[in-house]
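Inspection log for the structure reproduced underneath, given as structure tokens.
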Amino acid sequence: MTAPSTSPASSRGGRWIKHWDPEDETFWQETGEKVARRNLFFSVLSEHIGFSIWTLWSVLVLFMGPEYGLTPADKFLLTSMVTLVGAVVRVPYTFAVAIFGGRNWTIISAGLLLVPSVAAFMVMEPGTSFSTFLLVGLLAGVGGGNFASSMTNINAFFPLRKKGWALGLNAGGGNIGVPVIQLAALAIIGASGGPRVLLGIYIPLIVVAAVLAALFMDNLENVKNDTGAAKDAAKDAHTWIMSFLYIGTFGSFIGYSFAFGQVLTNQFGRTPLQAAYVTFLGPLLGSLIRPLGGWLADRYGGAKISLWNYVGMGLATAVLIGASMEKSLALFTVAFVVLFVLSGLGNGSTFKMIPGIFQTKALAKGLRGEEAAAYGRRLSGASMGLIGAVGALGGVGINLAFRQSFLSYGSGTGAFVAFLAFYAVCFAVTWAVYLRRPLGGSKITAASEAKPQLSYAEV
């Protein structure tokens, strides 16, 4: 058994591990697990701060009172555009890991977070034009990319049997950056501090994350830049099916994270401080439960967990519609927090499905052992960036739906009706593609599949 080597490659700088085979149980027990867990920890730290910077403007808009001259529609548009940039940059961030190495790109991507943070620090004051706020807000979108590169990197470190837990923990630790920055804002607003205090806290933390990544993370030599994998993943129907399903879970999580506070202030007349007291709860619980979603998917199958999770999300949304129409703040808040929790659970279960799907495809092709594992890692890693990017676009849709709903009806009720219909479609797609028993033992014919459709039920 060959131990991992961290000697630098001759043509590429940084710490490079030349041998990595997590599917080998002996390798994993003796050396692999320790290295993988160390990289997971520092990856989570960087991704956590990335999420905080990405969702920074969901907090900053709470500081922006009438003296800033922005309408509710302006604020929803601002947060929508920040979400959009975060979704788009996830695609190049996914492939940056193979070009630069997981450690090296974590250092770079963490350092890039200084740009939107310093820019916001400079312009955050009354009298600044909306176009300036919009431009600086767009810069914060780079924080959304950290998720894609982090997930692609950690996916390569862990064996298939541990991916649900590892990816769930990695993503959950990153997602929790949303409630943490909201809690920090709550403390600052409560102490009558300004938005620059919040930015002054995060700027040095970004530097710390970059330095720790440089000191303690590793690159994997066998994760090569593979444009063929990107093309193969883009051609595979499952990449786009899972992208659609991830809109329902992560799109909901990030969209509601940006919008929750604004809905409370605009629909229920809450002050920024009153809104801040509750807005952190949903993202916090949704983040904490994501690893559980991955663990449940490891144990019972991601498709099964995701299916019933969409049922729960639909029921919670139906309650929200009723609470919105009845103007019941207490019921509305509880139902919204429950919806956050379910979105986090579904994030873990849907993302666990990705490596399982491509591993199943490898076995259907007749591949076995390390060859099958390599095929699964190759396509699942490439597809994660695309799936994560499309899923994040759901956050854009949610904020735009709220904007239109408030413009048309003066409340978020219309948007919630649309969300309910979407969750029903997600349920139908999950059942039809991954859980429905084929009639008469029919086979899947697309994408050179050779297995019954039921074979995906355990992914």
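The values are calculated or read from the model by the stated rules, or taken from the named source; none is laboratory data. Just so you know, these numbers come straight off a predicted model, no measurement behind them. Ideal geometry is used to build each Cβ from the backbone, glycine not excepted, and the neighbour counts take in all protein chains shown. Quick note on the areas: whole protein, heavy atoms, side chains included, nothing else; ligands and nucleic acids left out. Shrake-Rupley method; radii C 1.70, N 1.55, O 1.52, S 1.80 Å.
Within the shell of other residues whose beta carbon sits under 14 angstrom from the beta carbon of Glu370, the net charge comes to -2, with Lys and Arg scored +1 and Asp and Glu -1.
In the structure shown, the pairs Lys162/Lys231; Lys75/Lys352; Lys162/Lys361; Lys235/Lys304; Lys75/Lys327; Lys34/Lys231 are assessed against 29 Å; a Cα-Cα span above that value is assigned to Lys75/Lys352; Lys34/Lys231. Take the Cα of Ala318, go 7 Å toward its beta carbon, and the backbone nitrogen atoms of the stretch 393-417 under 16 Å from that spot belong to 416-417.
Per residue, the solvent-accessible area of the stretch 80-219 (1.4 Å probe, heavy atoms of protein chains only, all protein chains present) comes to 31 Å².
Using the Karplus relation 6.51 cos²θ - 1.76 cosθ + 1.60 with θ = phi - 60°, the per-residue 3J(HN,Hα) values for the stretch 266-275 come to 7, 8, 10, x, 6, 6, x, 5, 4, 5 Hz, with x marking Gly and Pro. Placing dummy labels 7 Å off each Cα toward the beta-carbon, the span from Val207 to Val123 is 2.4 nm.
Here the label points at Lys34 and Leu367, each 7 Å from Cα along the C-beta direction, are separated by 3.1 nm in the simple model. Between Arg436 and Gln404, the contour length at 0.36 nm per residue exceeds the alpha carbon distance by 7.9 nm. A cut-off under 11 angstrom between Cβ atoms defines the neighbours of Trp431, and their net charge, with Lys, Arg +1 and Asp, Glu -1, is +3. Reducing the stretch 27-49 and the stretch 205-258 to their Cα centroids gives an inter-centroid distance of 16 Å. Positive contributions from Lys and Arg (+1) and negative ones from Asp and Glu (-1), summed over other residues with Cβ under 13 Å from the Cβ of Leu167, come out at +4. For the peptides 246-255, 148-157, the ranking by mean Cβ contacts within 10 Å, running from highest to lowest, is 246-255, 148-157.
Modelled spin labels at Thr132 and Ser328, positioned 7 Å past Cα toward Cβ, are 4.6 nm from each other. Couplings 3J(HN,Hα) of the stretch 73-80, computed from phi: 5, 4, 5, 5, 5, 4, 5, 5 Hz, in residue order, whole Hz [Karplus 6.51 cos²θ - 1.76 cosθ + 1.60, θ = phi - 60°; x for Gly and Pro].
Taking amide hydrogens as placed 1.01 Å from N in the peptide plane, the amide H of Phe268 sits under 5 Å from that of no residue at least 5 positions away in sequence or on another chain. Couplings 3J(HN,Hα) for the stretch 360-365, derived from phi with the Karplus relation 6.51 cos²θ - 1.76 cosθ + 1.60 (θ = phi - 60°), are 4, 5, 4, 5, 5, 7 Hz, where x marks Gly and Pro.
The stretch 371-390 and the stretch 142-156 have their alpha-carbon centroids 12 Å apart.
Accessible surface for Arg436 stands near 80 Å², nearest 10, in the context of the full protein assembly shown (1.4 Å probe).
Dividing the helix sum by the residues of the chain, where each DSSP H run of 4 or more adds -39500 (n - 2.57), gives a mean residue ellipticity at 222 nm of -25000 deg cm²/dmol.
Apply the a/c threshold of 1.5 to the C-alpha gyration tensor of the chain and tell me whether it is rounded, prolate or oblate. Oblate shape, in that a/c is at least 1.5 and b/c is the bigger or equal ratio.
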